[in-house]
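So the structure is just underneath, and the comments pick up after that.
The values are calculated or read from the model by the stated rules, or taken from the named source; none is laboratory data. None of the values given here were measured: they were computed from a predicted structure. Positions of Cβ are backbone-derived with ideal geometry, glycine not excepted, and every protein chain shown enters the neighbour counts.
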Amino acid sequence: MVKKELTILNSSGLHARPAASLVKLASRFTSKIYLQKDGLEVNAKSIMGVMTLAAEKGSKILIIVDGKDEEEALKQLIKLIKNKFCEEN
Amino acid sequence: MINLKGKAASPGISIGKVYLLDEDRIQIQDETLTDEQIKKEIEKFLNAIKSTEEDILKIKENVEKSLGASYGEIFDTHLMFLKDKVLLDKTISEMKRTRKNSDHVFYRIMKKTQESMISLKDEYLKERASDIRDIKRRVIRKIQGDERLCIYQITEPAIVISHELTPSLTVNLDKSKILGFVTELGGRTSHAAILARALEVPSVVAVKNLMKNIVPGDTVVIDGNSGNVIINPDAEVLKKYETQKEGLYKFSKSLEKIISLPAVSLDGREVELSANIELPQEIDSVIAYGSHGIGLYRTEYLYLLKNQPPTEEEQYNEYKSIAKRIYPNPVIIRTIDLGGDKLVKTPKGLKEDNPFLGWRAIRVCFDYPIMFKTQLKAILKASTVGNIAIMFPMISGIDELYKAKSFVDESKEELTKEDIKFDENIKIGVMIELPSAVMIAEELAEEVDFFSIGTNDLIQYTLAVDRGNVRVSNLFQFFHPAVIKLIKMTIDAGHKKGIWVGMCGEMAGDPLATYLLIGLRLDEFSVSPLILAEIKQIIRSINYSDAIKISENCLNMKSAEGIEIYLTKIMKEKFPNIPL
């Protein structure tokens with residue numbers, strides 16, 4: 001199991017489109033992927049889950065990945081969040 | 001007979017039978033199934049999901065066709081929810097575990113999600129709860145084999161009544177049969193209001209206690225001018241409204257013949273009569289009512305409709321298609337005029353005590369240069385059509401104007417570098433809506449090609465009155481001597497510096513003000529398309545020389561009330577048929 005805490009950088013936070021791209025990416029991996037924020041844990045492969053996290057810009061989320069492809073999954077997710085979901089230039 | 005009151009959202013009077021778009025309660029049985037039944041039940045559930053998905057895709061297509069591509073995106077969230085694999089897996093495993101019927105299990109899971117969304121602080125996410133509810137209802141209807149929710153059909157002309165009107169509810173309605181809209185929730189910019197204005201039917205929104213007082217079969221009268229809604233009116237009231245409706249109809253018929261004629265007074269003073277628009281769909285009525293052009297194109301809807309700012313390409317396409325349809329007449333595009341909170345997520349603790357004195361319009365644009373430049377570049381790209389002008393809102397001083405103009409110059413430079421063509425001589429104007437702008441109007445006029453007076457804000461800032469506050473709204477007066485003087489100063493300053501001066505605020509569309517404004521030598525009136533012909537009729541029936549005298553008399557009067565009485569008397573004598 002690997003973990004990493006990250007700050008959401010894009011201005012709209014985990015709204016529809018960023019949430020969708022996160023779910024899409026997470027769903028490519030076989031590992032179990034969870035996001036934690038303020039004690040709430042959601043499945044990163046569920047759009048509804050990710051949206052109920054209400055992660056806005058500046059909030060910290062913990063990514064927890066558990067499974068065969070955990071290293072690669074975490075790497076890719078970090079990249080997506082750090083790149084602000086490619087929504088801003 | 002029950003009298004209710006709401007907010008007038010689209011003008012006119014409508015009388016008709018009720019068509020209730022009700023959220024009829026979902027009935028769910030609690031059953032325990034056998035292994036064999038569960039297998040079939042899972043299949044049924046998955047088919048329901050698939051079929052709902054197909055429905056929504058169809059709706060999305062319809063919406064895109066009838067209202068424009070940007071509207072369709074509303075349904076992308078619905079589709080994403082339906083594809084949520086975790087949700088599907090959870091429903092199926094719960095069904096296997098509890099042996100309960102699928103609608104029972106799905107309902108409970110969705111309700112929980114809905115509740116957790118509603119409890120969120122984020123406004124955008126909170127609103128997604130209604131998407132979840134919509135999906136929940138659609139899927140359950142499918143499971144239960146009841147198609148009611150998916151195909152709302154109006155068979156005869158009726159007034160549509162609903163708690164809240166969502167795009168997915170209205171999309172399948174036969175628009176030719178809608179006589180009006182009334183909703184319990186909503187405001188002037190809600191979906192029902194916008195759709196009503198686009199369809200040119202009356203609408204009243206924010207009507208308290210509407211749903212509990214109305215049943216199918218009722219007759220209602222809606223007055224989209226006063227905001228009155230009368231359920232099952234008695235014979236006397238019905239007759240009163242029928243007469244009023246007939247009068248309005250005759251009057252609007254009488255206007256048809258002047259649609260293609262210019263707005264010119266009997267003694268030859270011609271002004272430009274243009275339209276204010278909010279949505280591209282309004283273009284049809286702009287053309288139908290004989291507008292000279294578009295004096296105010298509000299671009300805010302592009303930003304409000306979606307979760308994130310529109311791209312340069314999206315904006316370019318909108319601006320260009322509108323400019324092309326109006327060509328060769330002018331289209332004045334106003335840059336974003338919204339409170340900062342509507343455009344970007346504001347960090348907590350930045351709540352403004354006085355939003356109208358705060359972070360809005362051009363001020364926000366300066367803080368978000370990329371967003372501002374994206375819009376300016378889109379406007380510039382579209383300007384090759386040849387009839388587009390740019391207008392900046394809420395300019396309070398000359399430095400702001402310099403800054404706004406430097407953004408235009410930078411955008412031009414960037415486009416030149418990218419080898420993209422634009423109208424080199426694009427006209428730039430400012431809205432005059434702050435008293436400070438009036439005081440320095442001559443200096444501003446040296447920097448721009450035109451002025452357009454925004455009366456709503458100008459009055460609010462001059463008289464310190466929030467029109468939405470019922471305790472003080474009576475102080476919001478078009479004919480306050482200070483307001484009239486400010487308008488005169490603006491027009492005179494513009495003319496002295498050789499630029500034209502228009503008005504795009506609500507006052508331009510008030511028949512009571514026409515004499516006064518013509519007399520003050522206003523060059524352009526930009527009004528709602530629905531009122532355009534009426535204002536034109538007035539202008540075509542009066543003498544400029546009389547208007548000058550009347551405006552001089554008004555300038556000599558001291559009381560707002562006195563001026564209003566004076567103008568009302570003149571109008572009543574000259575135009576007994578015009579509703580004031």
Would you confirm, using the coordinates I've provided, whether B:Lys496 is in contact (Cβ under 8 Å) with a residue 40 or more places away in the chain and more than 30 Å from B:Pro280 (Cα to Cα)? yes
So which residues in the stretch B:298-336 are at pLDDT 95 or above and among the aromatic types (Phe, Trp, Tyr)? B:Tyr316, B:Tyr319
When both residues are 6+ apart or on different chains and their Cβ atoms are under 6 Å apart, which pairs have a first residue that lies in the stretch B:432-446 and is under 19 Å from B:Asp337 (Cα atoms), and a second that is in a loop (DSSP other than H, G, I, E, B) and small (Gly, Ala, Ser)? B:Glu433/B:Gly454; B:Leu434/B:Ser396; B:Ser436/B:Ser396
Pick out the one residue from B:Glu53, B:Glu23 that is of a type in the set (D, E, K, R), at pLDDT 90 or above and out of contact with any Gly (no Cβ under 8 Å at 6 or more places or on another chain). B:Glu53
Name the residues in the stretch B:284-314 that are within 17 Å of B:Ser526 (Cβ to Cβ) and buried (at least 20 other Cβ atoms within 10 Å of the Cβ), would you? B:Val286, B:Tyr289, B:Gly290, B:Ser291, B:His292, B:Gly293, B:Ile294, B:Gly295, B:Leu296, B:Tyr297, B:Thr299
Consider the stretch A:54-68. How many of its residues are within 18 Å of B:Glu123 (Cβ to Cβ) and more than 9 Å from chain B (Cβ to nearest Cβ)? 2
Can you find, within the stretch B:184-231, the residue that is modelled with the lowest pLDDT among those that are among the polar types (S, T, N, Q) and crowded, with 21+ Cβ neighbours inside 10 Å? B:Ser190
A careful count of residues in the stretch A:9-52 that are part of a loop (DSSP other than H, G, I, E, B) and either at the interface with chain B (Cβ under 10 Å from one of its Cβ atoms) or at pLDDT below 90 (or both) gives 13
Among the residues of the stretch B:99-112, what is the count of those that are surrounded by 14 or more Cβ atoms within 10 Å (Cβ to Cβ) and in contact (Cβ under 8 Å) with a residue 24 or more places away in the chain? 9
Which numbered condition A:Asn83 misses (of (1) surrounded by 13 or more Cβ atoms within 10 Å (Cβ to Cβ); (2) on the phi < 0 side of the Ramachandran plot; (3) away from chain B (no Cβ under 11 Å)): (1)
Run B:Leu120 past the list (1) part of a helix (DSSP H, G or I); (2) under 38 Å from the mean Cα position of the chain (by Cα); (3) within 14 Å of another protein chain (Cβ to nearest Cβ) and report the number of the one that doesn't hold. (1)
Select from the stretch A:1-23 the residues that are surrounded by 14 or more Cβ atoms within 10 Å (Cβ to Cβ) and among the charged types (D, E, K, R) and write down the one among them that is nearest to B:Leu82 (Cα to Cα). A:Arg17
Looking only at the stretch B:452-472, decide whether some residue is small (Gly, Ala, Ser), within 30 Å of B:Ala323 (Cα to Cα) and in a loop (DSSP other than H, G, I, E, B). yes
Can you tell me which residue is surrounded by the fewest Cβ atoms within 10 Å (Cβ to Cβ) among those in the stretch B:369-410 that are within 14 Å of another protein chain (Cβ to nearest Cβ) and under 26 Å from B:Tyr327 (Cα atoms)? B:Lys373
Note on the stretch B:81-129: residues touching a helix residue (DSSP H, G or I) at 6+ places or on another chain (Cβ under 7 Å), small (Gly, Ala, Ser) and at pLDDT 90 or above are B:Ser102
When every residue in the stretch B:367-410 that is under 12 Å from B:Thr335 (Cα atoms) and part of a loop (DSSP other than H, G, I, E, B) is compared, the one farthest from the chain's Cα centre (by Cα) is B:Ile395
